[in-house]
Amino acid sequence: GPEPLAPSAEEQILPISPMRKAIAEHMVRSKQTAPHVTQIHEVDMTAIDGYRQAHQEAFLRETGITLTFLPFVVKATVDALRAYPLMNASYTHEGIIVKQAVNIGIAVALEEGLIVPVLREADKKSFLTLAKQLANLAARARDKRLSLEEIHQGTFTVNNFGAFGTLIGTPIIVQPQAGILGFGRVVRRPVVIDDAIVIRSMAYLCLSYDHRLIDGAYAGAFLNHVQATLERFDFSIVR
């Protein structure tokens, strides 16, 4: 067989941490298990961007947390999962398991890897509760203060990779979920509306899904629902 790769004198061997090993095994298993497809929609975040900027200081004063794009995206995702329950499901040989609870996994980047804490029963929570719990989960994930229960039983995952400046990504599904929604960076750029060039705050919604149970039309309808909810966001639910 091929010779194992031995490092030369000037090369360095970094030990593989248990966390990195677990991530590596999960990523390989996910790609081997589910035929991944990624579909991308763009979304006009101008209204939400404007609302956020106008209310950020008051929101921080009243709640102690910064108003980010994430709770808006999670709320829109939860609404779409309720309308498209196959996205909140798992493929098994016995049948498709459609989950009753909507438990949203939130990908959080750590120095040594990635962790996906879970926001349970997100469909039963107000916008304010979602925003507070998202901030709290992320902070505790970074401080390594999550309990084991908090990283299990997610039914769908949201990954805010716009935080790293990424515009478009093709995220890998967290097994045994059916999909993962990546949200790219919000960028002010020219777009054409009614034959006029206007400046809007635009972002990309990047949905990777398991093609064993989800087809392109269903994924597109799900993305349309997320997009419409974000573009016509009901700000009365924020306060």
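A few remarks follow.
- For the options D49, D143, D210, a Gaussian network treatment of the chain with springs between C-alpha atoms closer than 10 Å singles out D143 as fluctuating the most.
- Principal axis box of the stretch 1-137, alpha-carbon based, largest edge first, Å: 62, 46, 27
- Note on the stretch 82-154: along the principal axes its Cα atoms extend 39, 29, 17 Å, ordered by decreasing extent.
- Percent of C-alpha pairs per 10 Å bin, the chain, short to long: 7, 29, 34, 19, 8, 3, 0
- Most mobile listed residue (L223, L14, L213) in the chain, GNM with C-alpha springs under 10 Å: L14
- Between F183, F164, F59, the GNM of the chain built on Cα springs shorter than 10 angstrom shows F164 fluctuating the most.
- Heavy atoms of the protein chains alone define the surface here; on that basis the chain has 54 Å² accessible area per residue at 1.4 Å probe size.
- If you plug the beta carbon distance of R188 and L114 into 1/(1 + (r/R0)^6) with R0 = 35 Å, you get a FRET efficiency near 0.75.
- Relative contact order (percent, whole number), the stretch 113-207, Cα cutoff 8 Å, 6+ residue spacing: 22 percent
- Computed over the alpha carbons of the stretch 121-210, Rg followed by Dmax gives 16.4, 53 Å.
- Bridge type composition, the stretch 105-239 - antiparallel percent by DSSP, nearest 5: 75 percent
- Take I115: with every protein chain present and a 1.4 Å probe, its accessible area is about 40 Å².
- Two-decimal log10 I(q)/I(0) for the stretch 70-121, as the Debye equation yields it once each C-alpha is a single scatterer, q = 0.15, 0.26, 0.28, 0.29 Å⁻¹: -0.52, -1.02, -1.08, -1.11
- Between H55 and S236, the modelled label-to-label distance comes to 1.3 nm, taking each label 7 Å out from Cα in the direction of the beta carbon.
- With a threshold of 20 Å on the Cα-Cα distance, the over-threshold entries among K31/K75; K99/K124; K99/K125; K21/K144 are K31/K75.
The values are calculated or read from the model by the stated rules, or taken from the named source; none is laboratory data. This structure is a prediction, so every number in the text was calculated from the model and none was measured. So basically every Cβ, Gly included, is an ideal-geometry build from the backbone, and we count neighbours across all protein chains shown. For accessibility, only protein heavy atoms count, side chains too; no ligands or nucleic acids. Shrake-Rupley method; radii C 1.70, N 1.55, O 1.52, S 1.80 Å.
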